[in-house]
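The numbers here are math on the coordinates, done by the rules we state, and not lab data. Model, not experiment: these values are computed from the prediction. Glycine also receives a Cβ, built like all others from the backbone with ideal geometry; neighbour counts cover every protein chain displayed.
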Amino acid sequence: MLLLTHDIDTYSLLTTTLMSTLMKWLIMLLAWFLFSWLTFTTCVRDACCIACDTGVTTEETTSPPTETEVTRYPVESKLGYAAVSTTDQFTDWKDGILAQMEDGKVLEVEGLYYASETAPDGYDNMGLARADEAIKLLSEFIPTDRMRPVARLVGDDPENADNPISAAATRWRDDDSNTNLEEEEVISISEDEKLLLFPRASVEEIQNQEVNDYLDDLAEHLIANPNDRVQITGHASKTGAADVNMTLSRRRANRVKAMLTSRGVPEGQIDADWKGDTQLADPGNSEAAHRRNRRAAIKLIRSGN
């Protein structure tokens with residue numbers, strides 16, 4: 001009887017111990033389950049909230065930012081520097097120039113520059129310095145006596161001063177000996193930019209038919225597109241006193257403005273400025289160089305630009 005009682009007590013002890021151990025495991029399993037469930041639902045909820053608040057999925061938020069494409073040019077430079085370099089576009093650019101070379105023509109190599117750039121020593125502006133650098137590149141293919149440096153002001157500043165800028169443009173022109181310098185003419189820089197050349201010391205209304213036809217078309221465009229504007233900048237050659245040249249350039253800009261308003265263009269669409277002899281297009285001392293500097297630059301600024 002004593003033995004039976006001992007066996008029963010031992011069995012009860014084992015059973016109690018087993019049940020206690022089992023309860024511990026069940027409690028630990030339940031705790032692990034609750035922890036995993038709370039962690040999972042919290043992470044999913046936070047991710048969903050981010051997506052809802054920003055409209056961007058978690059996959060999108062981890063995507064690397066796209067790089068802005070940088071425009072490159074056959075001959076390019078950096079803002080504030082006269083040095084130029086070439087890109088893989090240079091060969092095609094040079095071949096296109098050579099394909100248009102004819103006897104009796106000279107190549108105007110036009111250095112492009114911005115108003116904020118300081119003129120290097122020995123130059124009237126940064127554009128002429130870049131034109132000389134571009135001529136050095138082309139001299140391997142074209143005799144230097146068939147090239148002439150000129151300059152063109154592009155604007156106040158490029159959109160991104162850290163990006164490369166176009167350093168030069170070119171055009172073949174008749175040699176000075178074959179050019180009638182007494183004739184007014186329109187020089188096309190681009191579809192939206194022209195130069196009107198004036199006779200020496202003149203600010204009179206230009207009667208050349210080519211000029212009048214161009215101004216007729218420009219006025220018609222401005223009237224039909226009232227949100228577009230035109231920028232007129234008067235210039236003078238370096239002959240004569242600086243104050244006289246400043247007055248001449250002002251009167252030239254205002255003369256072209258008057259020629260447009262007389263065609264019905266509202267004054268509010270016209271911006272007029274003048275630079276005297278401070279921004280020469282051609283640094284030479286020949287009459288042909290002076291002729292190219294006696295000019296009014298006309299630039300159409302479209303509202304969509």
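The distance between label points at Val70 and Asp192 comes to 2.5 nm (points 7 Å beyond Cα on the Cα→Cβ vector).
Close amide-amide hydrogen proximity is noted between Asp277 and Ala236, Met246, each under 5 Å apart and 5 or more residues distant or on a separate chain (H modeled in the peptide plane; Pro and chain starts excluded).
Converting phi to 3J(HN,Hα) with the Karplus coefficients 6.51, -1.76 and 1.60 and the offset θ = phi - 60°, the range 80-93 yields x, 10, 7, 4, 10, 9, 10, 10, 5, 7, 4, 4, 5, 4 Hz in sequence order, with x at every glycine or proline. Gain on full extension, evaluated as 0.36 nm per residue between Lys136 and Glu287 minus their Cα-Cα distance, stands at 51.9 nm. Taking R0 as 41 Å, what's the FRET efficiency between Asn227 and Asp92 from their Cβ-Cβ distance, rounded to 0.05? The calculated FRET efficiency here is 0.65.
Taking amide H atoms as placed 1.01 Å from N in the peptide plane, the amide H of Glu110 lies under 5 Å from those of Val150, Ala169, Thr170, Arg171, each 5 or more residues away in sequence or on another chain.
Using C-alpha pairs below 8 Å separated by at least 6 residues, the relative contact order for the range 102-182 is 46 percent. Applying a DSSP loop filter and a limit of 11 other Cβ atoms within 10 Å to the GluC sites (Glu not before Pro) in the range 100-150 leaves Glu102, Glu140. For the range 166-174, the Karplus equation 6.51 cos²θ - 1.76 cosθ + 1.60, evaluated at θ = phi - 60°, returns couplings of 5, 9, 7, 9, 9, 7, 7, 10, 4 Hz by residue, with Gly and Pro reported as x.
Using a cut-off of 30 Å between Cα atoms, the listed pairs Lys94/Lys238; Lys105/Lys257; Lys136/Lys257; Lys194/Lys238; Lys94/Lys275; Lys94/Lys257 include Lys94/Lys238; Lys105/Lys257; Lys136/Lys257; Lys94/Lys275; Lys94/Lys257 as exceeding that distance. Under conditions of 25 °C and 0.890 mPa s, the range 71-179 yields 173 µm² s⁻¹ as its translational diffusion coefficient, taking Rh as the Kirkwood radius over Cα pairs in the Stokes-Einstein equation. When Phe141, Phe198 are arranged by Cβ crowding within 10 Å, least crowded first, meaning fewest neighbours, the order is Phe141, Phe198.
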